[in-house]
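The values are calculated or read from the model by the stated rules, or taken from the named source; none is laboratory data. Small disclaimer: the values here were computed from a predicted structure and weren't measured. Quick reminder, even Gly has a Cβ in these numbers, built from the backbone with ideal geometry, and neighbours come from all protein chains shown. Accessible surface areas use protein heavy atoms only, side chains included; no ligands, DNA or RNA. Shrake-Rupley method; radii C 1.70, N 1.55, O 1.52, S 1.80 Å.
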Amino acid sequence: MNKIKVIITTVCCFIGLALFAQNNKAINETVYIHSNASTVLAGEQLYYKFYCYDVNSNKLSSFSKIGYIELIDAKQQRVFQQKVNLINGAGLGDYLIPTDIKSGVYKLVGYTKWMLNPPFNESIFKTEIYIINPYQSSDIASEQYTLTEKEAIPEVHNASAFKLPKHEYNNRETVALTINDSYLDILKGGSYSISVRKMEELPTPETPAFRTQLEHARSIDSQLNLSQATYLPELRGELLSGKLTNDTDPNSVAGFLVGVSLPGEKFFSGITKTNETGKFYVTLDANTPSTEVVIQPLNTTSEVTFTLDPIYQYNSPVTISSKLPLLMKYEDAIVNRSLSNQIENAYYSVKKDTILDLTKEQNFFGEGKEYLLSDYTKLKNLEEVILELIPEMYTTKRKDIYKIHLRDYNNVKNRSYYGETLVLVDGIQVKDLNPLFEIPVGDIKKITILNRGYIIGKDIYNGIASIETFSGNYIQEHSDIFNVSTFTYERTADSKKYYLNKYSLTSNSRIPDYRYQLLWNSISDIAKEDLTFTTSDISGEFMIELKGFTKEGKYVTYMKPIKVTPSQDF
């Protein structure tokens with residue numbers, strides 16, 4: 001064999017945990033969420049950027065790789081729940097407010113899985129959001145809440161950070177926004193979010209300051225022992241957890257090998273082991289976007305049952321401290337904004353965001369040698385396919401039990417190998433190979449082989465034989481034979497490139513443009529970021545707002561107003 005390739009699975013996850021456990025300080029994270037608005041209408045998009053901050057290092061966190069966000073109503077019902085990938089401590093997401101939602105005050109909650117452990121759960125991010133549904137009547141009270149209305153331009157912080165050729169613009173005019181040179185050195189290497197939005201004409205709740213959030217997190221003094229933690233930190237990505245129940249011997253649940261697979265065109269397969277309580281953990285491959293999870297026991301013939309832990313495990317009741325003010329005096333503003341939103345939604349097909357595919361083209365084990373079977377349908381079965389078509393592969397049969405083996409690419413006559421061959425069917429590991437030799441050859445699309453040593457957990461394989469069928473779910477279709485359990489599992493939110501109208505392209509010049517949100521974007525390289533945007537058919541005062549964290553971990557917020565006036569063409 002030329003070399004051994006290692007797959008990083010649960011073992012590497014626990015290596016990271018072990019290194020963490022040796023640290024003198026426990027992980028102490030807090031979260032801050034910058035949203036494009038704190039008052040939204042039904043049918044509008046809520047954009048947000050999720051920042052995870054390491055309280056010990058005073059920088060964006062390098063620990064948690066997944067962030068969780070929930071919108072909860074006064075009755076503790078979840079309106080939406082999302083999880084986002086965190087890259088260098090930050091992640092981006094959005095949510096379309098449904099048109100059947102009730103007007104009211106909601107709580108936006110943000111956390112990492114590690115923050116669910118006491119006492120860190122005391123610093124979970126919470127802020128109130130006003131949601132107004134102009135399509136429904138609602139019970140709206142005002143007497144129990146004194147509102148500080150924002151009728152004037154909000155306080156502006158460090159407006160000099162932005163460089164603009166002028167302050168006033170016409171409808172559908174390009175705004176060449178840049179950062180002043182004196183601020184580039186300050187902002188270089190940081191992570192930010194920028195919003196350009198019409199100034200709020202409706203009442204808004206107060207939003208928590210990051211300083212307050214940080215001070216509260218700093219007040220927590222805990223040396224939490226990892227073995228005592230209920231929730232493990234997601235150091236490498238999405239951490240799927242579950243439990244095995246032994247139906248044959250309920251007291252015997254430790255040490256079971258569990259195969260976890262994400263089938264699909266880009267598939268993933270990993271192995272983990274249950275602990276003394278039957279719990280198991282495996283870090284899912286971010287390169288495999290499948291929402292289908294196939295789980296199976298690998299080293300037992302006992303009857304076992306698998307259950308998965310809930311993804312969202314924030315169970316503490318939220319407190320809504322305010323009530324939505326009486327909105328009668330804002331009727332005109334609500335109607336105008338609602339009409340604009342309906343027009344924008346009507347043209348969504350030409351203004352929609354772009355979902356980015358950030359996954360790699362290869363499967364988790366990389367490139368292999370492929371054999372397409374479309375030209376070999378006359379072969380009778382898999383055994384004949386291997387014998388006639390694939391010189392690097394051979395089979396053995398002892399006591400009516402089939403085994404598949406691989407030879408080295410460079411020496412097909414060398415039968416020495418590290419161990420068994422890892423056999424996959426549509427990305428799912430198969431231990432009992434006998435049923436595979438009953439698969440009709442016409443159902444097999446291709447066989448890919450990786451003919452070198454491969455390590456998963458503590459097991460060393462002499463290579464990988466990956467069989468792909470035309471249906472893509474052969475194992476699930478025969479779950480009674482292969483003893484697998486299939487679950488639907490929500491993955492992280494899609495990465496997107498948000499819509500940005502540019503009239504210089506003239507393709508949208510005849511389409512109505514009633515955007516209240518002129519720009520929303522995440523910034524990772526402030527020096528190279530193009531901050532140019534265009535105004536819409538909406539006139540009035542707009543606010544440019546940039547928030548985020550410098551490379552050194554300093555929180556910054558910069559705001560600058562601009563004015564949009566009707567042009568002669570409108």
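Can residue 270 be described as closer than 30 Å to residue 238 by Cβ, out of contact with any His (no Cβ under 8 Å at 6 or more places or on another chain), assigned to a strand (DSSP E or B) and open to solvent by less than 70 Å² (accessible area, probe 1.4 Å)?
Numbers: closer than 30 Å to residue 238 by Cβ: yes; out of contact with any His (no Cβ under 8 Å at 6 or more places or on another chain): yes; assigned to a strand (DSSP E or B): yes; open to solvent by less than 70 Å² (accessible area, probe 1.4 Å): yes.
For residue 270, the condition - closer than 30 Å to residue 238 by Cβ, out of contact with any His (no Cβ under 8 Å at 6 or more places or on another chain), assigned to a strand (DSSP E or B) and open to solvent by less than 70 Å² (accessible area, probe 1.4 Å) - is met.
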Kindly list, by first and then second residue, each pair from a residue in the range 439-453 that is over 19 Å from residue 476 (Cβ atoms) and basic (Lys, Arg) to a residue that is open to solvent by 10 Å² or more (accessible area, probe 1.4 Å) and in a loop (DSSP other than H, G, I, E, B), limited to pairs with Cβ atoms under 8 Å and residues at least 6 apart or on different chains.
-> 452/1; 452/2; 452/3; 452/4; 452/409
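Condition test on residue 234, is it more than 23 Å from residue 479 (Cβ to Cβ) and open to solvent by less than 10 Å² (accessible area, probe 1.4 Å)? Step through it out loud before you land on a result.
On the way: more than 23 Å from residue 479 (Cβ to Cβ): yes; open to solvent by less than 10 Å² (accessible area, probe 1.4 Å): yes.
Yes; evaluated as a whole, the condition is true for this residue.
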Taking residue 530 as the residue in question, decide whether it is among the acidic types (Asp, Glu), more than 27 Å from residue 386 (Cβ to Cβ) and surrounded by fewer than 17 Cβ atoms within 10 Å (Cβ to Cβ).
-> yes
Condition check for residue 176: under 30 Å from residue 330 (Cα atoms), open to solvent by less than 70 Å² (accessible area, probe 1.4 Å) and of a type outside the set (D, E, K, R) | no
Could you pull out every one of the strands (runs of 3 or more DSSP E) wholly within the range 294-377 that has 2 or more residues that are modelled with pLDDT of 85 or more, more than 27 Å from residue 463 (Cα to Cα) and out of contact with any helix residue (DSSP H, G or I) (no Cβ under 9 Å at 6 or more places or on another chain)?
-> 304-308
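Going by the conditions given, is residue 497 open to solvent by 10 Å² or more (accessible area, probe 1.4 Å) and within 25 Å of the chain's Cα centre (by Cα)? Even if it seems obvious, please write down each step before you answer.
Values: open to solvent by 10 Å² or more (accessible area, probe 1.4 Å): yes; within 25 Å of the chain's Cα centre (by Cα): yes.
So residue 497 fits the description; yes.
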What about residue 257, is it open to solvent by 10 Å² or more (accessible area, probe 1.4 Å) and farther than 30 Å from residue 469 by Cα?
-> no
Could you list all residues from the range 209-230 that are open to solvent by less than 40 Å² (accessible area, probe 1.4 Å) and within 26 Å of the chain's Cα centre (by Cα)?
-> 210, 213, 214, 217, 226, 229
Listed by first then second residue, the pairs whose first member lies in the range 257-279 and is over 20 Å from residue 463 (Cα atoms), whose partner is among the basic types (Lys, Arg) and not in a loop (DSSP other than H, G, I, E, B), with beta carbons under 7 Å and at least 6 positions apart or on separate chains, are 278/243; 279/243
Residue list for the range 454-483, restricted to those being open to solvent by 50 Å² or more (accessible area, probe 1.4 Å) and free of Cβ contacts under 8 Å to residues at least 24 places away in the same chain = 477, 480
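Okay, residues lined up against (1) within 25 Å of residue 196 (Cα to Cα); (2) of a type in the set (A, V, I, L, M, F, W, C):
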{"site": "42", "(1), (2)": "yes, yes"}
{"site": "45", "(1), (2)": "yes, no"}
{"site": "66", "(1), (2)": "no, yes"}
{"site": "87", "(1), (2)": "yes, yes"}
{"site": "99", "(1), (2)": "yes, no"}
{"site": "115", "(1), (2)": "no, yes"}
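Evaluate the range 502-514: report whether one residue or more is aromatic (Phe, Trp, Tyr), open to solvent by 30 Å² or more (accessible area, probe 1.4 Å) and modelled with pLDDT of 90 or more. Can you show your working first?
Taking the range 502-514 and keeping what is aromatic (Phe, Trp, Tyr), we get 503, 514.
Subset that is open to solvent by 30 Å² or more (accessible area, probe 1.4 Å): 503, 514.
Cutting the leftovers down to modelled with pLDDT of 90 or more gives us 514.
Checking the range 502-514: at least one residue is aromatic (Phe, Trp, Tyr), open to solvent by 30 Å² or more (accessible area, probe 1.4 Å) and modelled with pLDDT of 90 or more.
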Restricting attention to the range 273-293, which residues are crowded, with 21+ Cβ neighbours inside 10 Å, at pLDDT below 90 and of a type outside the set (Val, Ile, Thr)?
-> 284, 285
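Of the residues that make up the range 446-453, is at least one within 25 Å of residue 485 (Cβ to Cβ) and surrounded by 21 or more Cβ atoms within 10 Å (Cβ to Cβ)? Show your work before the answer.
The first filter runs over the range 446-453 and keeps only residues within 25 Å of residue 485 (Cβ to Cβ), leaving none.
No.
If you go through the range 545-570 one residue at a time, how many are over 22 Å from residue 211 (Cβ atoms) and surrounded by 19 or more Cβ atoms within 10 Å (Cβ to Cβ)? Steps first, please.
Of the range 545-570, the ones over 22 Å from residue 211 (Cβ atoms) are 561-570.
From the residues that got through so far, the ones that are surrounded by 19 or more Cβ atoms within 10 Å (Cβ to Cβ) too are 562, 564.
Selection size over the range 545-570: 2.
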Does any residue of the range 303-323 turn out to be more than 29 Å from residue 115 (Cβ to Cβ), over 20 Å from the mean Cα position of the chain (by Cα) and not acidic (Asp, Glu)?
-> yes
